[in-house]
1. Looking at the stretch 121-262 only, what percent of DSSP beta bridges run antiparallel? Nearest 5 please.
2. With the Cα gyration tensor of the stretch 343-469 in hand, convert its eigenvalues to equivalent ellipsoid semi-axes via √(5λ) and list them largest first in whole Å.
3. Counting every Cα pair in the chain, what percent are over 39 Å apart?
4. Quick check: Cα centre of the stretch 287-333 to Cα centre of the stretch 181-225, how many Å?
5. Using only the Cα atoms, what convex hull volume per residue in Å³ does the stretch 415-505 have?
6. By how many degrees, 0 to 90 and rounded to 10, does the Cα axis of helix 247-258 deviate from the longest principal axis of the chain?
7. If packing is taken as the average number of other Cβ atoms within 10 Å across a peptide's residues, how do 275-282, 322-329 rank, most packed first?
8. Per DSSP helix of 4 or more residues, -39500 (n - 2.57); summed, then divided by the residues of the chain. What does that give at 222 nm, rounded to the nearest 500?
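Read the figures in this text as sums done on the coordinates, not as results from a lab. Remember, predicted model here, so these are calculated numbers, not experimental data. Counting neighbours? That spans all protein chains shown, and the Cβs are built from the backbone with ideal geometry, glycine included.
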Amino acid sequence: MKNRGYKVTIQKFDPYINVDPGTMNPYEHGEVFVTDDGAETDLDLGHYERFINENLTTNSSVTMGKIYQSVIEKERRGDYLGKTVQVIPHITNEIKEKIYGFENTDTDIVITEIGGTVGDIEGLSIIEAIRQVGLEKNPEDVIYIHVTLLPYIFGSNEIKSKPTQHSVKELQSFGIKPNILVCRTETDIPDAIREKLSLFCNVRKTSVIQNKTADNLYAVPLMLEEEGLAREVCNHLKLENYIPDNSKWEAMVEKIRKIDPKKIVNIGIVGKYVRLEDAYISVMESLYHAGFANNVKVKVHLLNSEAITRDNVAEKLKGIDGVVVPGGFGNRGIEGKIETIKYVRENKIPFLGICLGMQMAVVEFARNVLGLKDANSAELDKNTKNPVIHIMEEQKAIKKKGGTMRLGAYPCIIKKGTLAHKLYGTEEISERHRHRYEYNNDYREKFEKAGLKISGTSPDGLLVEMIELEKHPYFIAGQFHPELKSRPNKPSPLFVGLIQACLKN
Ligand code: GLN
């Protein structure tokens, strides 16, 4: 739709009661994605940004917790003038406001994704709210797209349409008639099944859209275009079906497909949530983007930092060309990360540290190069005599009122002549943050003298944002999360540099 000239935005509704996913364990919910304006959001927003190349805001991420919080605050203030506060209309009105909030902006189309499954008790008020949206707005201004799974039964070699028939029936009992079905499938949907879905689900046959597992994630929009999804949307919304300019995206997917599958760079992500890829999804995608830019396939290995020790680190990193130590919180697995960083520093293996990864690079250097044996981050050892990472007074003032974390996009000034400068090609960048602790300025001189250089700071010079090591093929780290702004057609320079360095090594 964007390539047809429409201004599109996306929002996600999540039915759970957490106000945002910020407090959730990554194993519960995958990574926390952070927007420019500092909202801690569902990881789907990361996919949205990567696919539509738009920076989303806090309005794009709504949980039931947020809705209830706002309704209860209004109730306490007396805004409801003595009325009984109920799910319908008060909760549903609050939900609709989040959708209608885009009305007086330059947005032409709002895509609202509802998380969960049709019929979930938690999600019922959202379903009811979007039913009301359909009632309140003109029919040509609202469409319902139902995303559904078509299971494939190997034994009998057939696709089953029954689950879709059931969920559509369920939706209809809530007063919603889907206009379009987007069917997730592993194999091509036979015509007979399309016909059946159309007939039994009361959807035009042309609006039964196949969404088959693609060879490459970024090929999906082109596949859906070919299936006629946007054409059907235009049709239902009575919008002009302009000829889209997908040429740039097509060229990108073509380029990805041409990468020689035998040209592989192996990258280790050393973290503690290795059982779930979603926990590091943006880091992984950024690595793939950097692979596209360097015309190589990046193979990601999730390495459990809790299992890495000084004795086994060499073996654990065997075959690994480069290492990322990503963000994280808390003590578990920390020593494994520090051992990994020591190893890649000494053995000249390309390294990118992100947030906690940068903090641990600082701790490692303090311990093993400066000889401050008990150096640590104040987060991990409150009593250390050498808190090389800590919370500083100046930073407390910068923090948003009430918040305890530095969240969202902040500018960073890059020193000329550094590796960071070479990579970004500019002296001012903006990257997204999500952390409490900072580099301790009392140690600046000692670090710099010993070769761990500061290459980026906040504009006032107070906060160290980037560090890098001299005399190393690639050893760089940022206090921010560069993975949050990497897009397939606009990869993050720090990741591109990492893959480049691995290829050279
Ligand atoms: N735990 C660290 C802090 O709060 C790092 C956070 C992160 O890596 N996102 O500063």
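1. Values: 2 of 12 bridges.
Antiparallel bridges make up about 15 percent of those DSSP assigns within the stretch 121-262.
2. Equivalent ellipsoid semi-axes, largest first: 22, 20, 12 Å.
3. Numbers: 40434 of 127260 pairs.
The calculated P(r) of the chain puts 32 percent of pairs beyond 39 Å.
4. 37 Å
5. On the way: hull volume 9.6 nm³, N = 91.
Hull volume normalised by residue count: 106 Å³.
6. Roughly 60 degrees between the two axes.
7. 322-329, 275-282
8. Taken over the chain, the calculation gives -10000 deg cm²/dmol.
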